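What follows is a short report on a single structure.
The values are calculated or read from the model by the stated rules, or taken from the named source; none is laboratory data. Since the model is a prediction, treat every value here as computed from it, not as a measurement. Cβ coordinates were reconstructed from backbone atoms using ideal geometry, including for glycine residues, and neighbour counts include every protein chain displayed. The protein model used for the area step is the full one, side chains on, heavy atoms only, and it has no ligands, DNA or RNA in it. Shrake-Rupley method; radii C 1.70, N 1.55, O 1.52, S 1.80 Å.
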Amino acid sequence: MTSPPVSVLVIEDEESFIQALSVGLGREGFEVVVARDGAEGLEMFEAANPDIVLLDLWLPRRSGLDVCRQIRERSRVPIIMVTAKSSETDTVVGLEVGADDYVTKPFRLSELVARMRAVLRRSARADDLTAADERIVIDNLELDRSRHEVYLDGAKILLPLKEFELLENLMSNAGRVVTRDSLIDKVWGRDYVGDTKTLDVHVKRLRAKVESDPSRPAKILTVRGVGYKFEPTGTAKRSTTTTTTTAANSTATNSAGAEQPRSDGPASTRMTG
């Protein structure tokens, strides 16, 4: 039985790009749906339920950044930002509000298709999580993968997708140092070619939400020259319905019978140009 084609929502206001993408992506086997402004893009997203979104940064009626925020609040569908802007600020902001990747106009169709397939593969792997692995509770912090929710002292806190995935990776390896390259590979993907300082920006924002004193972090620690570590603190948790995960090498204040979290193995070597 043949699998249905991957549906892509193109939110773009330049007719020349709309035509080129419709023809080119159609030839690559994608089913293309088009919206020509931000407001229509949000309407089409609800109606079409696409597998992936190509989103222009500058749109009439609602900006691409606003559309990206709105989509990310309700869905983990992959989003690739398509923009004529090439400045670092535009790229970082797009990634911070939830885009999975970006391409700058003009671009080669082959590069765009490769990036689309890469983020679709990462999305499929994320969907393969089993129910047993969906919740992590450490001290007073709880992360629920299936619901994309985080609770601190029993109160829900809102995290953009990348901050959520970053926290998920750190908590999954609590007590262990996770290298910068490993975090970038897992959160932004091995194909990511942007500024690695994006990681530091996300860590800073995350600390502001989960640390009692972000200027003196106790949970998310920097290991200089290596990466970051989520350190269990022994803070009493509010929830008692789930098992607390702690690291094998955590301090004596942690649960003595905790399981050692899975290791993802050594980080791959990142090539720099």
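The figures follow:
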{"item": "Within region 186-223, considering residues that are of a type in the set (Val, Ile, Thr) and within 20 Å of the chain's Cα centre (by Cα), the one modelled with the lowest pLDDT", "result": "193"}
{"item": "Matching residues, region 30-58, being open to solvent by less than 30 Å² (accessible area, probe 1.4 Å) and farther than 17 Å from residue 14 by Cα", "result": "30, 42, 45, 50, 52"}
{"item": "For residue 124: the one exception among (1) more than 30 Å from residue 26 (Cα to Cα); (2) at pLDDT below 80", "result": "(1)"}
{"item": "Which numbered condition residue 61 misses (of (1) in contact (Cβ under 8 Å) with a residue 60 or more places away in the chain; (2) of a type in the set (D, E, K, R); (3) surrounded by fewer than 19 Cβ atoms within 10 Å (Cβ to Cβ))", "result": "(1)"}
{"item": "Subset of region 70-97 (residues that are at pLDDT 80 or above and closer than 26 Å to residue 26 by Cα)", "result": "71, 72, 75, 76, 77, 78, 79, 80, 81, 82"}
